1. Looking at the stretch 119-144 only, could you name the residues that are among the β-branched types (Val, Ile, Thr) and within 16 Å of ligand 2 (Cβ to nearest atom)?
2. Taking the stretch 21-56 as the region of interest, how many residues are of a type outside the set (S, T, N, Q) and under 30 Å from residue 116 (Cβ atoms)?
3. Among the residues of the stretch 154-205, which ones are aromatic (Phe, Trp, Tyr) and more than 18 Å from residue 216 (Cα to Cα)?
4. Out of 110, 119, I need the residue that is free of Cβ contacts under 8 Å to residues at least 12 places away in the same chain, surrounded by fewer than 20 Cβ atoms within 10 Å (Cβ to Cβ) and at negative phi. Which one?
5. Could you grab me the full set of residues in the stretch 36-95 that are surrounded by fewer than 20 Cβ atoms within 10 Å (Cβ to Cβ), part of a helix (DSSP H, G or I) and touching a Lys or Arg at 6+ places or on another chain (Cβ under 7 Å)?
6. Among the strands (runs of 3 or more DSSP E) contained in the stretch 158-226, which hold 2 or more residues that are open to solvent by 30 Å² or more (accessible area, probe 1.4 Å)?
7. Quick test of your reading of the structure: residue 14 fulfils all but one of (1) in contact with a helix residue (DSSP H, G or I) (Cβ under 8 Å, 6 or more places away or on another chain); (2) closer than 19 Å to residue 147 by Cβ; (3) surrounded by 15 or more Cβ atoms within 10 Å (Cβ to Cβ). Name the failing condition by number.
8. It is to be established whether one or more residues within the stretch 135-150 are within 11 Å of ligand 1 (Cβ to nearest atom) and open to solvent by 30 Å² or more (accessible area, probe 1.4 Å).
Amino acid sequence: KNVLKPNKDLAWSKVLVTAGGTREPIDPVRYISNRSSGKMGYALAETASNRGAEVYLVSAPTRLAVPDGVNIINVETAEQMYQAVMDLYPRMDVVIKAAAVADYRPRVVAAQKIKKNNADLVLELEKNPDILMELGKQKKHQLLVGFAAETEDLINNAREKINKKNLDMLVANDVTKTGAGFGSDTNVVNILYPDGSVEPLPLMDKLALSEVIWDKVLQLKAGKKI
Ligand code: CTP
Ligand code: CA
């Protein structure tokens, strides 16, 4: 890319990116979460901002610095992420859901630190809202991009998600593959479309992969009036 004249090809867009792994509290000192580092979502926010987009980053806790020029909305739980995303959604042109949202949360959050005793502890979990599924249901002019983390049968599992959630594009990765795991600076993905087509991409740095994802978003936009 020409650094003297950066390509502002996303200057037309307001984009919402979600990142990080949500934290679901058990009591005041404990939570349930997952291995997401937030790197993929932050890379998407950074590259979109550099390309001229107005970027809103709804982020679960990470150890990452917020990229320059990005509007940050910090959340912890899936429920908080759901509220923040739904508030922004009507005004957005593109939404990319890179966050690892906890599918379940403790049904009861203890007001005080749970004390140990001699018995085992059973934690009851209830389902969180599926944010991306709801975005798919309410979709109007927006381009909707999901991620899918799989450990087996990648393409079939991902195809099911793209249809069920009414997505325009799905970035699927096998998180057990070398270079594609959580916390890595690289990723190996397949990009899926609603017509069933699959584009496998080579191992890439997450910033380079982000640039490719935004290129694909532009291609989608060109092929579809929004
Ligand atoms: N997602 C979401 N809200 C949830 C769960 C997932 O918005 N409660 C989004 C993720 O941000 C991701 C996509 O849905 O973009 C797929 O997440 P994934 O965990 O791979 O799929 P699930 O639909 O949750 O199915 P499963 O975990 O059973 O594979
Ligand atoms: Ca899930």
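The values are calculated or read from the model by the stated rules, or taken from the named source; none is laboratory data. Given the structure is predicted, the values throughout are model-derived calculations rather than measurements. Every residue, glycine among them, receives a Cβ derived from its backbone with ideal geometry; neighbour counts consider all protein chains shown. Keep in mind that these areas ignore ligands, DNA and RNA; they rest on the heavy atoms of the full protein, side chains included. Shrake-Rupley method; radii C 1.70, N 1.55, O 1.52, S 1.80 Å.
1. Here is the first cut: in the stretch 119-144, the residues among the β-branched types (Val, Ile, Thr) are 122, 131.
Result: 131, single match.
2. Restricting attention to the stretch 21-56, the residues satisfying the condition of being of a type outside the set (S, T, N, Q) are 21, 23-32, 35, 38-46, 48, 51-56.
Now restrict to residues that are under 30 Å from residue 116 (Cβ atoms): 21, 23-32, 35.
Qualifying residue count for the region: 12.
3. Initial filter on the stretch 154-205 (aromatic (Phe, Trp, Tyr)): 182, 193.
Residue satisfying the conditions is 182 alone.
4. On the way: 110 fails: free of Cβ contacts under 8 Å to residues at least 12 places away in the same chain.
Only one candidate passes the filter, namely 119.
5. Hit for the stretch 36-95 is 91, nothing else.
6. Working: elements: 169-174, 189-192, 198-200.
Answer list for the stretch 158-226: 198-200.
7. Evaluating residue 14 over (1) in contact with a helix residue (DSSP H, G or I) (Cβ under 8 Å, 6 or more places away or on another chain); (2) closer than 19 Å to residue 147 by Cβ; (3) surrounded by 15 or more Cβ atoms within 10 Å (Cβ to Cβ) leaves (2) as the failure.
8. Initially, the stretch 135-150 is screened for residues within 11 Å of ligand 1 (Cβ to nearest atom), giving 135-136, 144-150.
Narrowing further to those that are open to solvent by 30 Å² or more (accessible area, probe 1.4 Å): 147, 149.
Yes: the stretch 135-150 contains one or more residues that are within 11 Å of ligand 1 (Cβ to nearest atom) and open to solvent by 30 Å² or more (accessible area, probe 1.4 Å).
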